[in-house]
């Protein structure tokens, strides 16, 4: 029996892989709040960080009839196919991945299996079961050490400097291939350092906040002058949601960033101000795979997705710290 939303629009079906994670759970919140989607989340709750955190991210939806959870590994083509066979999805948002530049140096085989083979399994299933909209979560890491600033979707990405970046670039190429061969619309979104409530504990803003809060030293790699384009999660979700509806071409790549950069040492100072404690800084050399700068040209996303990020880092960090402090009580 098809579910009917309160506004009398028949529910559309969407699959969100990695839907219990940081970005994924925010997207699930957004889609369910619209009350026109039946949302299926695929997540294997791996140990990259505490599975309990991911379960908590989606726990409030457990009684929602428009929500379902499939605990499965996208590396299993059989498991993926079974999920597709039991549903008739209108769209897929593929966010499941092993993330992080530095960890990928330690286990490139795992990153390739999940981020490349897992993506291929989903594209194959989308082709077989006639899904027409496939949104792929890519990364600004694909740009490597880009000499042209800001980074544009037309820039070459043939020189990644970490296995993670290479797997995301490979995912984009697979999306293009399936779009060309099988009339599957694929939209690749290059996320620029996302932060906000529920941010993964291994990421800089969350990790620094926790260490400063606890009075423990933080490691600052390099001289603190590396710059990042940090993007507030609400702005990212605005872009992802627009990509789900995008229909002007069969293959596109979009940068989703704030188009504003901040130095690492300035970021630390901003966190200090909002937590109300000084950081104990332990200086370390630059790490292999790290890039000196990320900076998004978002003019294409503004034009074609009506993407309009509104949360500058000076407003986003206080929001993040407010959430973080609540988690420490």
- Message: So in the range 29-51, with the set limited to residues that are more than 23 Å from residue 73 (Cβ to Cβ) and in contact with a helix residue (DSSP H, G or I) (Cβ under 7 Å, 6 or more places away or on another chain), which one is surrounded by the most Cβ atoms within 10 Å (Cβ to Cβ)?
- Response: 37
- Query: Conditions: (1) at pLDDT 95 or above; (2) surrounded by fewer than 21 Cβ atoms within 10 Å (Cβ to Cβ); (3) within 30 Å of residue 275 (Cβ to Cβ); (4) under 19 Å from the mean Cα position of the chain (by Cα). Residue 191 meets all but one. Number of the miss?
  - Reply: (2)
- Message: So if I check each of 268, 298, which one is buried (at least 16 other Cβ atoms within 10 Å of the Cβ) and out of contact with any helix residue (DSSP H, G or I) (no Cβ under 7 Å at 6 or more places or on another chain)?
- Response: 298
- Message: For the condition in contact with a strand residue (DSSP E or B) (Cβ under 9 Å, 6 or more places away or on another chain), at pLDDT 95 or above, crowded, with 22+ Cβ neighbours inside 10 Å and farther than 25 Å from residue 110 by Cβ, what is the one hit in 215, 196?
- Response: 196
- Is there a residue in the range 275-282 that is in contact (Cβ under 8 Å) with a residue 12 or more places away in the chain, touching a helix residue (DSSP H, G or I) at 6+ places or on another chain (Cβ under 7 Å) and within 14 Å of residue 311 (Cβ to Cβ)? no
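Filter the range 285-299 down to the residues that are over 22 Å from residue 107 (Cα atoms) and either in a loop (DSSP other than H, G, I, E, B) or at pLDDT below 95 (or both) and list them by number. Give the steps one after another, and end with the answer.
Within the range 285-299, the first condition is being over 22 Å from residue 107 (Cα atoms), and the residues that meet it are 292-299.
Answer for the range 285-299, where residues must be over 22 Å from residue 107 (Cα atoms) and either in a loop (DSSP other than H, G, I, E, B) or at pLDDT below 95 (or both): 292, 293, 294, 295, 297, 298.
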- Can you spot a residue in the range 175-192 that is within 19 Å of residue 16 (Cα to Cα), in a loop (DSSP other than H, G, I, E, B) and in contact with a strand residue (DSSP E or B) (Cβ under 9 Å, 6 or more places away or on another chain)? yes
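Residue-wise test of (1) free of Cβ contacts under 8 Å to residues at least 24 places away in the same chain; (2) under 21 Å from residue 201 (Cα atoms); (3) part of a helix (DSSP H, G or I); (4) in contact with a strand residue (DSSP E or B) (Cβ under 7 Å, 6 or more places away or on another chain).
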residue: 24; (1), (2), (3), (4): no, yes, yes, yes
residue: 40; (1), (2), (3), (4): no, no, no, yes
residue: 63; (1), (2), (3), (4): yes, no, no, no
residue: 70; (1), (2), (3), (4): no, no, no, yes
residue: 75; (1), (2), (3), (4): no, no, no, no
- Query: crowded, with 24+ Cβ neighbours inside 10 Å and under 22 Å from residue 231 (Cα atoms) - does that describe any residue in the range 174-187?
  - Reply: yes
- Working carefully through the options 263, 252, 258, find the one that is out of contact with any helix residue (DSSP H, G or I) (no Cβ under 6 Å at 6 or more places or on another chain), over 21 Å from residue 195 (Cα atoms) and surrounded by 14 or more Cβ atoms within 10 Å (Cβ to Cβ). 252
- Going by the conditions given, is residue 31 modelled with pLDDT of 95 or more, within 17 Å of the chain's Cα centre (by Cα) and not in a strand (DSSP E or B)? yes
- What single numbered condition from (1) assigned to a helix (DSSP H, G or I); (2) in contact (Cβ under 8 Å) with a residue 12 or more places away in the chain; (3) closer than 21 Å to residue 288 by Cβ fails to hold for residue 99? (1)
- Task: Test each condition in (1) buried (at least 18 other Cβ atoms within 10 Å of the Cβ); (2) in a loop (DSSP other than H, G, I, E, B) for residue 87 and report the one that comes out false.
- Result: (1)
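From the list 287, 273, 315, 328, exactly one residue is farther than 30 Å from residue 186 by Cβ, in contact with a strand residue (DSSP E or B) (Cβ under 6 Å, 6 or more places away or on another chain) and surrounded by fewer than 19 Cβ atoms within 10 Å (Cβ to Cβ). Which is it? Before the answer, list the steps.
Details: 273 fails: in contact with a strand residue (DSSP E or B) (Cβ under 6 Å, 6 or more places away or on another chain); 315 fails: in contact with a strand residue (DSSP E or B) (Cβ under 6 Å, 6 or more places away or on another chain); 328 fails: in contact with a strand residue (DSSP E or B) (Cβ under 6 Å, 6 or more places away or on another chain).
After ruling out the rest, the residue left standing is 287.
Do we find that residue 92 is in contact with a helix residue (DSSP H, G or I) (Cβ under 7 Å, 6 or more places away or on another chain), at negative phi and not in a loop (DSSP other than H, G, I, E, B) in this structure?
Values: in contact with a helix residue (DSSP H, G or I) (Cβ under 7 Å, 6 or more places away or on another chain): yes; at negative phi: yes; not in a loop (DSSP other than H, G, I, E, B): yes.
When the stated conditions are applied, residue 92 passes them.
Listed here are the residues, each with its yes/no results for (1) within 17 Å of the chain's Cα centre (by Cα); (2) at negative phi; (3) in a helix (DSSP H, G or I); (4) touching a residue at least 60 places away in the same chain (Cβ under 8 Å).
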residue: 212; (1), (2), (3), (4): no, yes, yes, yes
residue: 220; (1), (2), (3), (4): no, yes, no, yes
residue: 234; (1), (2), (3), (4): yes, yes, yes, yes
residue: 238; (1), (2), (3), (4): yes, yes, yes, yes
residue: 247; (1), (2), (3), (4): no, yes, no, yes
residue: 254; (1), (2), (3), (4): yes, yes, no, yes
residue: 267; (1), (2), (3), (4): no, yes, yes, yes
residue: 301; (1), (2), (3), (4): yes, yes, yes, yes
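The values are calculated or read from the model by the stated rules, or taken from the named source; none is laboratory data. On a predicted model such as this, the values are computed, not experimentally measured, just so you know. Positions of Cβ are generated from backbone atoms using ideal geometry, with glycine treated the same way; all protein chains shown enter the neighbour counts.
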